[in-house]
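Shown next, in structure tokens, is the structure this report addresses.
The values are calculated or read from the model by the stated rules, or taken from the named source; none is laboratory data. Please read all numbers here as calculations on a predicted model, not as lab measurements. Cβ atoms come from the backbone with ideal geometry, glycine included; neighbour counts cover every protein chain shown. Quick note on the areas: whole protein, heavy atoms, side chains included, nothing else; ligands and nucleic acids left out. Shrake-Rupley method; radii C 1.70, N 1.55, O 1.52, S 1.80 Å.
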Amino acid sequence: DIGDYDVIAFFAKENILLNVECKDLLGGYCPKDTKEHRKKLFGERKGDGYIGKVEYREEYLKKNWRNVFKTLKWPACDDKDIKIVSLFVSRTHFYWYVYPPYQTNVRFTKISMLKKVLDALTNKGKI
């Protein structure tokens, strides 16, 4: 069992293992809604919420990517340069995606911008 990933992909040429979480979250209508949205997304402390789960999966991939490749029957790759990239994809963009309450390696993008982000990762453009 390799876990629960919305999308896991490997760009062999760039040696990038992509960990993608997709959520369609509704925006808030009042300050209380906004607070609840932030809480769902980031939790009460670092490591909680949706982002905490994405970060946990990223750490798992860093330690176990060889097992994941074997399980998915992907060809072996040169491990010295492998890079794990985590994306959080949603339909809309919220304040917390630009200014998260704590530092995270997770990159946030709207679904409408996903191609541009992937092109940048695969050297077809720049982020």
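Give region 94-127 a look and list any residue that's hydrophobic (A, V, I, L, M, F, W, C) and surrounded by 11 or more Cβ atoms within 10 Å (Cβ to Cβ), or say none. Residues satisfying the conditions are PHE94, TRP96, VAL106, PHE108, ILE111, MET113, LEU114, VAL117, LEU118, ALA120, LEU121.
In region 16-25, is there at least one residue being assigned to a loop (DSSP other than H, G, I, E, B) and more than 28 Å from ASN123 (Cβ to Cβ)?
Applying the first criterion (assigned to a loop (DSSP other than H, G, I, E, B)) to region 16-25 yields 24-25.
Going one step further and asking which of them are more than 28 Å from ASN123 (Cβ to Cβ), we end up with 24-25.
Yes: region 16-25 contains one or more residues that are assigned to a loop (DSSP other than H, G, I, E, B) and more than 28 Å from ASN123 (Cβ to Cβ).
Starting from residues that are under 16 Å from the mean Cα position of the chain (by Cα) and part of a helix (DSSP H, G or I), keep the ones in region 95-111 and report whichever is farthest from LYS13 (Cα to Cα). Among those residues, the one meeting the criterion is TRP96.
Residues in region 19-31 include at least one that is modelled with pLDDT of 90 or more, open to solvent by less than 60 Å² (accessible area, probe 1.4 Å) and under 18 Å from PHE69 (Cβ atoms).
If I filter region 64-87 for residues that are assigned to a helix (DSSP H, G or I), within 13 Å of the chain's Cα centre (by Cα), within 20 Å of LEU118 (Cα to Cα) and of a type in the set (Val, Ile, Thr), do I get at least one hit? For region 64-87, residues assigned to a helix (DSSP H, G or I), within 13 Å of the chain's Cα centre (by Cα), within 20 Å of LEU118 (Cα to Cα) and of a type in the set (Val, Ile, Thr): absent. Within region 72-89, the residues that satisfy the criterion of being at pLDDT 90 or above and open to solvent by less than 60 Å² (accessible area, probe 1.4 Å) are ILE84, VAL85, SER86, LEU87, PHE88, VAL89. Of the candidates PHE69, PHE11, the single residue that is aromatic (Phe, Trp, Tyr), touching a residue at least 60 places away in the same chain (Cβ under 8 Å) and either surrounded by 15 or more Cβ atoms within 10 Å (Cβ to Cβ) or at positive phi (or both) is PHE11. For region 32-42, the criterion of being under 18 Å from the mean Cα position of the chain (by Cα), at pLDDT 90 or above, open to solvent by less than 40 Å² (accessible area, probe 1.4 Å) and closer than 23 Å to ALA120 by Cβ is met by no residue. Scanning region 43-55 for residues that are within 26 Å of ARG66 (Cβ to Cβ) and surrounded by 17 or more Cβ atoms within 10 Å (Cβ to Cβ) turns up ILE51, GLY52, VAL54, GLU55.
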